[in-house]
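Encoded as structure tokens, the structure appears first; notes follow it.
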Amino acid sequence: MLGHKSKKRFYTGYFAAVMATGIVSTALFLYHRQELSDALMAVAMVLYLFLSYWYVARFVKAPGDMWADLTNPATAFGFFTIVAGSNVLAVRFIFAGWVTPSVVLGAIALVVWAVLFYTVMTLLITGPAIELSSVNGGWLIAIVAEQSIATYLAAMIDIVPHHVEVLFLLASAFWAMGLMFYVIFIGLIMDRLLFQRVSFDDLQPPYWINMGATAITVLASSRLLSIHVHAQILLTLRPFLEGVTLMLWAWGSWWIPLLVILGVWKYWRGSEKVDYHPSQWSIVFPLGMYATATTTMSKIHGFKPLHWIGGEFLWIALGAWILVAGLAARQISTRERRLNRRQLSEND
């Protein structure tokens, strides 16, 4: 039941590294930085394969611990990074012309989403009461997962335009569902931030998903608005989609300065040391998604002035990716040196 804690420390959102790497690769592709984009796509593929093996191995060796993570409201939503990571990579494959691998990843993402979403929601409803302190920005990864499905389905329209009405209807349904859950979850998160005491430890990197969830929702709706194939349902929904897209982009943009200020407060006033943690990819992903969403949105009639903003945030996102990757590399190097020293001392 919800509320049990995992015995072993395992960060459930490791696939955020795939999300971050994949979306920065996509943003670079949109700005015609082909070689760098392909390099990051290759990194994302390696990360995806490695993490898939790691998660499956942990499930086989320690299913009890995995179940404990899944039934803990503070960690359960991290598993949705599997869905979002799969779809971000699937969309990048579509841009590369790799249709079959994209379809496989899209199918995996849909199945994993269905299993995770209904399992977690059932446990939330039937389990014990949840304390508001368990609510955090990581909950919004579930919305990112739903919007990643909408984005993937919208991208597939370019591959199979003869199924435009079915794909558009499905993509719109996932987009609308993600929007509704965002409204619900962000209400809980704002309640947590505004009406509960917030400590330095509470402000973890996943709070950047407050902005990232709006960014991927903007990307999904912008992809739907960019469809050139005639569809009556698109003509019907266009005014609504345009209005909500602008509203969410403005709301997501509002979050960015506040998140930066809170980060400065956390690390400066809290005197916290900046060390690598896999949750830091949850900062890189929203920045890359904001760049990608803003660029895609700028292609819609009336939103063209936003194009330069997407270009500037591309380099911010790339810089953040390099910084987090550098921290990860430093941590791995430090661990290797400690392990070598330990082995030398044991041999002596």
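The values are calculated or read from the model by the stated rules, or taken from the named source; none is laboratory data. Note that the coordinates shown come from a computational prediction; the quantities given were computed from them, not determined experimentally. Neighbour counts run over all protein chains shown; Cβ positions are idealised from the backbone, glycine included.
A few remarks follow.
- Pairs where the first residue, in the range 35-62, is under 22 Å from ILE322 (Cβ atoms) and the second is of a type in the set (D, E, K, R) and part of a helix (DSSP H, G or I), C-beta under 7 Å, 6+ apart: MET41/ARG92
Here is a yes/no grid of residues against (1) under 30 Å from VAL160 (Cβ atoms); (2) of a type outside the set (A, V, I, L, M, F, W, C); (3) in contact with a Pro (Cβ under 6 Å, 6 or more places away or on another chain):
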site	(1), (2), (3)
LEU225	yes, no, no
GLN232	yes, yes, no
THR245	yes, yes, no
PRO257	no, yes, no
TRP268	no, no, no
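Results for (1) surrounded by 16 or more Cβ atoms within 10 Å (Cβ to Cβ); (2) of a type outside the set (Phe, Trp, Tyr); (3) part of a helix (DSSP H, G or I), shown as yes or no for each residue.
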residue	(1), (2), (3)
ALA171	yes, yes, yes
PHE174	yes, no, yes
LEU179	yes, yes, yes
LEU193	yes, yes, yes
ARG197	no, yes, no
PHE200	no, no, no
THR217	yes, yes, yes
LEU224	yes, yes, yes
ILE227	yes, yes, no
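- Of the listed requirements (1) closer than 21 Å to ALA145 by Cα; (2) of a type outside the set (Lys, Arg); (3) within 17 Å of the chain's Cα centre (by Cα), LEU225 misses just one: (3).
- Residue match in the range 284-306 (condition: modelled with pLDDT under 90, in a helix (DSSP H, G or I) and surrounded by 17 or more Cβ atoms within 10 Å (Cβ to Cβ)): yes
- Which listed residue is within 29 Å of LEU318 (Cβ to Cβ) and assigned to a helix (DSSP H, G or I), from GLY13, GLY78, GLY64: GLY78
- Failed item, numbered, when VAL91 is tested on (1) more than 27 Å from LEU28 (Cβ to Cβ); (2) assigned to a helix (DSSP H, G or I); (3) among the β-branched types (Val, Ile, Thr): (1)
- Subset of the range 62-93 [closer than 18 Å to LEU167 by Cα and either under 13 Å from the mean Cα position of the chain (by Cα) or modelled with pLDDT under 95 (or both)]: ASN87, VAL88
- One residue from SER282, SER333 being without any contact (Cβ under 8 Å) to a residue 24 or more places away in the chain and of a type in the set (S, T, N, Q): SER333
- Selection count, the range 137-162, where residues are of a type in the set (A, V, I, L, M, F, W, C) and either out of contact with any helix residue (DSSP H, G or I) (no Cβ under 7 Å at 6 or more places or on another chain) or surrounded by fewer than 20 Cβ atoms within 10 Å (Cβ to Cβ) (or both): 2
- For PHE285, the criteria (1) closer than 20 Å to VAL88 by Cα; (2) more than 18 Å from the chain's Cα centre (by Cα) hold in every case but one, which is (2).
- Test: residue in the range 137-151 that is more than 22 Å from MET289 (Cβ to Cβ) and small (Gly, Ala, Ser): no
- Options SER253, SER271; residue that is surrounded by fewer than 18 Cβ atoms within 10 Å (Cβ to Cβ) and more than 22 Å from LEU179 (Cα to Cα): SER271
- Residue that is hydrophobic (A, V, I, L, M, F, W, C) and either surrounded by fewer than 21 Cβ atoms within 10 Å (Cβ to Cβ) or without any contact (Cβ under 8 Å) to a residue 24 or more places away in the chain (or both), where the choices are TRP315, TRP321: TRP315
- Verdict on GLU165 being more than 18 Å from the chain's Cα centre (by Cα), more than 30 Å from TRP255 (Cα to Cα), among the charged types (D, E, K, R) and surrounded by fewer than 16 Cβ atoms within 10 Å (Cβ to Cβ): yes
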